[in-house]
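Here's the structure we're looking at; comments come further down.
What follows is calculated from the coordinates using simple rules that are stated; it is not laboratory data. Fair warning: this is a prediction, and the values are worked out from it, not measured in the lab. Glycine gets a Cβ as well: all are built from the backbone with ideal geometry, and neighbour counts include every protein chain shown.
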Amino acid sequence: MGNIIVLVSGGMDSATLLWLAKKEFKDVYAISFDYGQKHKIELDFAKELAKLAEVKKHFIVEVPHLKGIEGSALTDENIEVPSENYPDEPPITTVPMRNLNFLAIAASFADVYEIENIGIGIHSVDSPYPDCRAEFASSAESVINASSVMVAKKKNRIKVYTPFLGMTKTDVLKLGLELGVPYEKTYSCYKGTIPPCGECATCQQREEAFESLGMTDPLKN
Ligand SMILES: [Zn+2]
């Protein structure tokens, strides 16, 4: 069992990870980031999900420097979110070192609260992003362990928990349906509109996942 802190964006992958964590771990913490994303509305969904999952504590952390850097369609007002699925690799929606920043911050909380696992819901469809690949996750785990006071004192290890790494978004959705994830309370659109734009990369991937299981996205109902 043990404990875990899960990175929760408010999207369907991190929601599924949160529900899986509830099943696999005794104490579950959540952490979400306000990094100047245009789709900041996702944080409202993250808060609701954390509440529904009855997490021990939900940390919301402001990371303003990521917006200040510019150059990403997710944060830069001068760059439009593309209405197509990852035309470039790495995509223009890449936020430089986003997951490294997020894992480092989550690891700070893990160190103080003595949390042994850090969960991140990256999967194979995310692989155009360098910080969503297996090499990134295992390297991040090494550096977190090398930096940790808890590890130095207790001689145990912190694990970066990535159960979806070899899975597609459809696999993740299938698992989430078994776990009873409330997908109508998740939000994925990069444009931050209500209703979701239906055109950006995450909207398309979300729709494809539901369609491949012969379902309609419950957020649309
Ligand atoms: Zn969208």
**Report entry** Low-density loop positions, GluC sites (Glu not before Pro), region 2-80 - DSSP coil, at most 16 other Cβ in 10 Å
**Finding:** E54, E70, E77, E80
Query - Whole-number D in µm² s⁻¹ for the chain, Kirkwood Cα-pair radius fed into Stokes-Einstein, 25 °C, 0.890 mPa s - result: 140
Query raised in the report: Over the chain, what is the mean sequence separation of C-alpha contacts under 8 Å (at least six apart), divided by residue count, expressed as relative contact order in percent?
Result: 24
Query raised in the report: Do the sum for the chain: with -39,500 (n - 2.57) for every DSSP H run of n ≥ 4, divided by all residues, what is the mean residue ellipticity at 222 nm, to the nearest 500 deg cm²/dmol?
Result: -12000 deg cm²/dmol
Report summary line: In cubic angstrom per residue, the convex hull of region 54-183 built on its Cα atoms measures 143
Query raised in the report: Rg and Dmax of region 19-61, Cα atoms, in Å?
Result: 11.1, 34
Query raised in the report: Looking at G11, F136, V28, which one has the Cα that reaches farthest to the positive end of the dipole of region 3-220 (charges on Cβ: Lys, Arg +1; Asp, Glu -1)?
Result: V28
Report summary line: From the cross-link list K47/K185; K22/K159; K22/K191; K47/K169; K23/K153, the entries with a Cα-Cα span beyond 20 Å are K22/K191; K47/K169; K23/K153
Query raised in the report: So if we plug the beta-carbon distance of H65 and S127 into 1/(1 + (r/R0)^6) with R0 = 41 Å, what FRET efficiency do we get, rounded to 0.05?
Result: 0.95
Query raised in the report: Separation of region 1-77 and region 148-206 by C-alpha centroid, Å?
Result: 9
Query raised in the report: How much of the DSSP beta bridge set in the chain is antiparallel, as a percent to the nearest 5?
Result: 0
Requested in this report: Calculate how steeply helix 12-24 sits against the longest principal axis of the alpha-carbon atoms of the chain, using the helix alpha-carbon long axis, and give the answer as 0 to 90 degrees to the nearest 10.
Outcome: 30
